[in-house]
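Visitor: Once you've had a glance at the structure underneath, I'll fire off some questions.
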Amino acid sequence: MCGVVSLCYKDEKTGLGFEASELLKRLEYRGYDSTGASFIGADRNIVLLKKVGAPSVVTKELGMPGRSGQRFIGQVRWATYGAVDERNSQPHEVDCKIHMVGAHNGNISNTDTLHAELEAQGHRLKSENDGEIVVHLVEDGIAANRADPAPVVAAGRRALAAAGLEGAPVPDAVLLMVDAARKAESRADGSYAACVADPEVPGCVAIKSGSSLYAGIGTDSNGPFVVVSSDLTSVLSKTRALIPLAEGEGLWYTHDDYVVFSLGGELRFSKPRPKRSKLDVKETALDPKYSYFMEQEISSTPANVERIRRYYTRDPEADALEAAFEDKRDIAKEAADRVLALSDEESAAKLAAGVDAVFGEAPWRELASRVRERGLRVPLELVSDDKAFLSELEKAAPAHRADLALLDSVLVWRKRRAVLRRLGELREAVRETANSGGRVYLVASGTSFHAALTAAYFFDHLALIPVYPCNPGQFRSMYLGTLSDRDLVVAITQSGETKDLVDILQDAREKAPRVRRASLVNSENSRIPQELSDFYLPILCGPEIAVAATKSFTSQALILWLIASGFRAGEAELREKLARAARLVEDTIAHTLPAVEEAARRLAFEASIHVLGTGLFGLAREGALKVREVVLCHAEGYDAAEFKHGPNTILGKNTVLGLSRAEALLDSYRSALAAAAPAERARLEALPLESLLAEKPEIFEGSVANYPLVFVCPPDERDVRITISQIHTHKIRGADIVLIAEKRADLALAASGRPAGDERYRSFLIETPPTGDRDLFVFSATIVLQWLAFRMSAIKMERLDALRVADHGVHPDVPKNVSKSITVD
C-alpha cells in the first residue's frame with residue numbers, strides 16, 4: 001500500500017509546503033520507502049521534490065515545509081513495482097506530449113504491457129514504477145483530445161447539462177482532462193487511486209478505481225481549499241466536510257469547486273453536497289500521556305469492550321427510556337435524521353437555527369415531555385457515534401443541552417436496534433448453513449485471519465458448529481471450487497478494502513450466485529460492507545493508527561466470541577460477561593505490566609522466538625505476528641503440543657545469531673584473545689572467522705544461549721497438563737520459558753524449576769488476573785502478548801538508535817515493509 005494526497009488553494013501560498021508536509025507525515029503508516037511532493041505555483045511551473053525515506057525524515061531533508069505554491073500532489077510509497085530508489089519514487093513529472101505531474105496508490109497489473117505500448121507511442125518512461133504508467137496514460141489521452149477537441153468538449157457539455165450543471169465553471173480544458181482520465185482508466189488493469197495535474201489546466205483530477213480515496217472541502221488560514229487523500233484521517237485533519245466519492249468515480253477540483261464524474265460507461269457528472277464526517281480527528285491524535293500509538297491503542301481496549309457491550313447487548317437500565325422511543329418511533333427517527341442533516345451546515349448560526357426548529361416543534365416536545373413525565377433518566381454524557389457533531393451543536397445551541405442528550409440516547413437506541421438485528425441475522429444464517437449441510441467460511445488476512453482462527457476455537461465449544469477460517473489464498477486454492485449456494489462467507493477486515501479479500505468476495509458471488517456474504521468490519525463506509533456484503537456487523541474500535549493491529553484484533557475476537565456464545569447463552573449472561581471482560585482487561589493492564597517488562601527486556605534482542613498456545617493456535621499466531629511486525633525478529637506461533645514435531649530442533653545449540661548472541665560471541669572472542677600470548681593473539685586476529693572457530697571452538701561455545709519459548713496456557717485442566725508436559729520436554733533441551741497463564745502452583749513450578757546442569761536457564765512467569773474461564777482468558781492473554789511486542793520493539797529501537805544503526809526499521813507504530821491495509825495483490 002502507498003498513499004497519495006493533494007491540496008489546492010486559490011492563490012500562491014507560502015504555507016502550502018507546511019500543510020503538504022503535515023499531510024504526508026499523516027500518511028507515513030501507509031508507506032515509507034520513499035516520499036515525494038510536487039508543487040505548482042502561480043507561475044505554472046512544477047517543482048518536484050522526492051527522495052527515498054519516510055516522510056517524517058524526508059520532508060525536513062528536502063525543505064518541503066518552506067515551499068510555496070498553489071497546488072500540491074504528494075505520495076508516500078510502499079514499493080511494489082520498481083526498486084526502492086529515487087527514480088521509482090512518486091510523484092512522476094512527464095513532458096513527452098503534455099507537461100504534467102501525478103502520483104498513485106495501488107497497482108496496475110498490466111504495467112509491463114502498457115510500458116511497451118506507451119514507448120511505442122513516443123513516451124519516454126524513466127522508471128519501472130506503475131505510478132508513472134498512470135501519469136503517461138492521462139498525458140496520452142490529453143494529447144489525443146487536444147488534437148481533436150470538439151467531440152470531447154461537446155460530449156462533456158451534454159453530460160453537464162444532463163446533470164443540471166450547465167452553468168458550472170468547468171473549462172473546456174478540464175473536460176479534455178476528464179476524458180483523458182476516463183481513457184486511462186479503460187486501459188489500466190488493477191486497483192488504484194491517483195491524482196494528476198496539468199499546470200496549464202485549473203485544479204487537479206483524482207481517480208478512485210479500487211483503492212481508497214477521500215476528498216474534503218473547507219477553509220483554513222490560507223483560505224478555501226479542497227484536499228484529497230488515500231487516508232480519511234488526513235482529510236479530517238483539515239476539514240470534516242467530505243465530498244462524497246464512490247468507487248469508479250473521478251473528481252475534478254479547485255480550491256472551492258468540484259465536480260464528480262464517472263470513470264466507466266456513459267459519462268455522467270454530479271456535484272453532491274459535502275457531508276460532515278462522524279469521525280472526530282481528535283480520535284486520531286496521540287494523547288500526551290502516551291509515547292506511541294500502539295501503546296495508546298492497547299490501552300484503549302477497555303473502552304472498546306464497553307462500546308461493544310453498549311451496542312451488542314440491551315441495557316436493562318435503558319429499557320424504559322427505549323420503550324418510550326419505540327412508542328414514538330417515527331418522531332424519534334425523524335428528529336434524529338433532521339438533526340444529523342444539519343451536518344452539511346458550516347455556520348454556527350445555521351446550526352443553532354436548525355436545532356431550534358427541530359426541538360421546538362410539537363412532536364419532539366411531546367417525546368421529551370413523555371420522558372420527563374415517566375421520570376426516565378437521560379445520561380448527559382454523549383456516547384453515540386455522532387457525539388462529536390452533537391458536541392458542536394451543544395456549543396452552537398447551549399440551551400438545548402438536555403434535548404441533545406436525549407437525542408444522543410435516541411441515536412444509541414437506533415444503532416443498537418440495527419446491530420442486534422444484524423447479529424440475529426448472522427446467527428440465523430450460521431444456523432441455517434449448518435443445518436443445510438453448508439459450510440461457514442471465515443475469510444480474512446493477517447491479524448483478522450488470526451481472529452478467525454480464534455473464532456473457530458470459540459464456535460467449537462460454545463456454538464457446537466464448525467467454522468472454516470482461511471485467508472484469501474487458502475480459500476481460493478482449497479474451497480472456492482466447491483463453494484455452493486448453501487454456504488456462508490464471512491469476511492473479517494479492519495479496513496474494509498483489503499484487495500485480496502475484495503477479490504474473494506467477488507469470486508464467491510461468481511461461483512455461487514446465491515451464496516450469502518457477510519462481513520465484520522471497522523470502516524463501515526468502506527467497499528466490503530457497502531458493496532460486497534449482504535449485511536455487516538461493526539467492530540466499533542475506532543480509528544487505528546499504528547500499523548500493527550491491536551485493538552481491532554481484540555474487538556474482532558470479542559464480537560466473534562459474542563456471536564458464538566449467543567447460540568446457547570442468554571443476553572443477560574452475555575452482558576455480564578462483557579462487563580467482566582472490560583474489568584479483566586483493565587486489571588491486566590494494571591497488574592501484569594511489570595512482569596511483561598521483565599520478559600520484554602530478556603527477549604528484545606533475540607533473533608527468533610516461538611509463541612506456543614495450548615489449544616490457542618490463533619492467539620499464538622497473532623502474538624508471534626505482533627513480535628515479527630514491530631520487533632523485526634523471526635517469530636512463529638504454534639500449537640504447544642505440535643512444537644515437538646519438528647520445530648523443536650531449534651532448541652539447544654543452534655546457529656541463530658541475534659544481537660544478544662553476537663555480543664556473547666564477541667565477548668568469547670575477546671576472552672580468547674586476552675588469554676593468548678601477544679604473538680598468538682596476532683595470529684588469531686589474522687584468521688578468517690571460519691578458521692578461527694574451527695581452531696577455537698570455545699569461542700562459539702561461549703555464545704550458546706537457550707532458545708526462548710513463550711507459552712500461553714488457558715485455565716483448562718487438560719491444557720494445563722499439556723503445557724506442563726511441554727515445558728518439561730523443551731526446557732531440558734535448551735529452552736528458556738516465558739509462561740502466560742492464570743496463577744497455578746503446578747504451572748509455576750514447571751516453569752521455574754531449573755534443569756540439572758543448565759546454569760543458563762531463565763524463566764518468566766506472567767500471571768494474568770484469575771477468571772477460571774478459558775474464553776475470558778483469551779482477552780487478558782491478548783493484552784499481555786500485545787504489550788510484550790510493544791515493549792520489545794521500543795526497547796530494541798532505543799538500543800539500535802543509540803548504536804546509530806541506520807535504517808533498522810524497528811518501530812512500534814511504523815515498522816518497515818508493512819502497511820496498514822494492503823490494497824495491492
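Visitor: Please give the helices (runs of 4 or more DSSP H) falling wholly within the stretch 225-324 in which 3 or more residues are within 23 Å of the chain's Cα centre (by Cα) and closer than 25 Å to residue 337 by Cα.
Guide: The helices (runs of 4 or more DSSP H) meeting that bar are 232-236, 301-312.
Visitor: Can I ask one more? Looking at the stretch 515-533 only, could you name the residues that are at pLDDT 95 or above, open to solvent by 30 Å² or more (accessible area, probe 1.4 Å) and either under 15 Å from residue 418 (Cα atoms) or part of a loop (DSSP other than H, G, I, E, B) (or both)?
Guide: Scanning the stretch 515-533 gives no hits.
Visitor: Output the number of residues of the stretch 504-514 satisfying the condition of being surrounded by fewer than 23 Cβ atoms within 10 Å (Cβ to Cβ) and closer than 19 Å to residue 436 by Cβ.
Guide: 5
Visitor: For residue 783, indicate whether it is within 30 Å of residue 456 (Cβ to Cβ), modelled with pLDDT of 95 or more and either open to solvent by less than 10 Å² (accessible area, probe 1.4 Å) or of a type in the set (Val, Ile, Thr) (or both).
Guide: Spelling it out, residue 783 is indeed within 30 Å of residue 456 (Cβ to Cβ), modelled with pLDDT of 95 or more and either open to solvent by less than 10 Å² (accessible area, probe 1.4 Å) or of a type in the set (Val, Ile, Thr) (or both).
Visitor: Let me ask something additional. Among the residues of the stretch 534-563, write down those that are charged (D, E, K, R) and surrounded by 23 or more Cβ atoms within 10 Å (Cβ to Cβ).
Guide: Those that are charged (D, E, K, R) and surrounded by 23 or more Cβ atoms within 10 Å (Cβ to Cβ): 544, 551.
Visitor: Further, regarding this structure: When the residues of the stretch 185-203 are filtered to those that are open to solvent by less than 20 Å² (accessible area, probe 1.4 Å) and farther than 13 Å from residue 104 by Cα, which remaining residue is nearest to the chain's Cα centre (by Cα)?
Guide: 203
Visitor: I need the full set of residues from the stretch 499-554 which are in contact with a Pro (Cβ under 6 Å, 6 or more places away or on another chain) and in contact (Cβ under 8 Å) with a residue 60 or more places away in the chain, in order please.
Guide: 500, 504, 536
Visitor: Within the stretch 797-822, restricting attention to residues that are open to solvent by 30 Å² or more (accessible area, probe 1.4 Å) and outside any loop (DSSP other than H, G, I, E, B), which residue is modelled with the lowest pLDDT?
Guide: Per the stated criteria, the residue is 801.
Results for (1) assigned to a helix (DSSP H, G or I); (2) open to solvent by 20 Å² or more (accessible area, probe 1.4 Å); (3) in contact (Cβ under 8 Å) with a residue 60 or more places away in the chain; (4) touching a Cys at 6+ places or on another chain (Cβ under 9 Å), shown as yes or no for each residue.
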site	(1), (2), (3), (4)
4	no, no, yes, yes
9	no, no, yes, no
17	yes, no, no, no
21	yes, no, no, no
25	yes, yes, no, no
29	yes, yes, yes, no
37	no, no, no, no
43	no, yes, no, no
49	no, yes, no, no
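Visitor: Considering every residue within the stretch 235-243, establish whether at least one is at negative phi, of a type in the set (Gly, Ala, Ser) and open to solvent by less than 10 Å² (accessible area, probe 1.4 Å).
Guide: no
Visitor: Exactly one of these conditions fails for residue 767: (1) open to solvent by less than 10 Å² (accessible area, probe 1.4 Å); (2) assigned to a strand (DSSP E or B). Give me its number.
Guide: (1)
Visitor: What residue, among those in the stretch 156-184 that are free of Cβ contacts under 8 Å to residues at least 40 places away in the same chain and assigned to a helix (DSSP H, G or I), is most open to solvent (accessible area, probe 1.4 Å)?
Guide: Here the residue is 158.
Visitor: Can you name the helices (runs of 4 or more DSSP H) wholly within the stretch 370-482 that have at least 1 residues being open to solvent by 60 Å² or more (accessible area, probe 1.4 Å) and in contact (Cβ under 8 Å) with a residue 12 or more places away in the chain?
Guide: Here the list reads 387-396, 401-435, 472-478.
Visitor: Limited to the stretch 487-521, what total is found for residues that are among the polar types (S, T, N, Q) and touching a strand residue (DSSP E or B) at 6+ places or on another chain (Cβ under 7 Å)?
Guide: Here the count works out to 2.
Visitor: Would it be correct to say that residue 759 is open to solvent by 10 Å² or more (accessible area, probe 1.4 Å), within 21 Å of residue 558 (Cα to Cα) and free of Cβ contacts under 8 Å to residues at least 60 places away in the same chain?
Guide: No: the conditions fail for residue 759.
The values are calculated or read from the model by the stated rules, or taken from the named source; none is laboratory data. What you see is a predicted model; the values in this text were computed from it and never measured. Glycine gets a Cβ as well: all are built from the backbone with ideal geometry, and neighbour counts include every protein chain shown. All accessible areas refer to the heavy atoms of the entire protein, side chains included, with ligands and DNA or RNA removed. Shrake-Rupley method; radii C 1.70, N 1.55, O 1.52, S 1.80 Å.
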